[in-house]
Amino acid sequence: RMQAVACVRFTADASFVLTASEDFNLRVWKAEASRKLAPASRREQAALDYRAHLLKRHAHAPQVRKIARSRNLPKMVKKLRDRRTDERQRARDKLQRQMDHSRPGTVQPEASRSKVVVREIE
């Protein structure tokens, strides 16, 4: 029941994801949803170590690589990422259309590094 997500950040140790919404709610999510927060018992730690060793041992297999590489993002994070990607693509397309339908040299693309500069002091 969150409003639109305004900001998403990882913690410094990358174990949690922080999300802030437009209704001033701040939520904390586990970065790895299957990982427990409590310390693992010896038996659980041995099982986790064994699984990690199997992943390392069979890393050359394409199926194992695919499973190890896959990341499931929360739906709202994925939507926000997709929305930003679409906005950037639309801006690039608009600039390209302007360049295509104007005289050569009148519309110049702005370098991305110069967009970051707010003000130059001389």
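Couple of notes before you dig in:
- Solvent-accessible area, 1.4 Å probe, carbon plus sulfur percent, for segment 1-81: 57 percent
- Folded to 0 to 90 degrees: helix 42-57 orientation relative to the chain principal axis, Cα: 60 degrees
- Using θ = phi - 60° and Karplus 6.51 cos²θ - 1.76 cosθ + 1.60, couplings along segment 103-108 (whole Hz; Gly, Pro as x): 5, x, x, 7, 10, 10
- Structure note, pairs Lys30/Lys75; Lys36/Lys78; Lys30/Lys78: Cα-Cα distances above 20 angstrom occur for Lys36/Lys78.
The values are calculated or read from the model by the stated rules, or taken from the named source; none is laboratory data. Worth saying up front: this structure is predicted, and the values here are computed from it rather than measured. These accessible areas exclude ligands, DNA and RNA; they are computed on the full protein's heavy atoms, side chains included. Shrake-Rupley method; radii C 1.70, N 1.55, O 1.52, S 1.80 Å.
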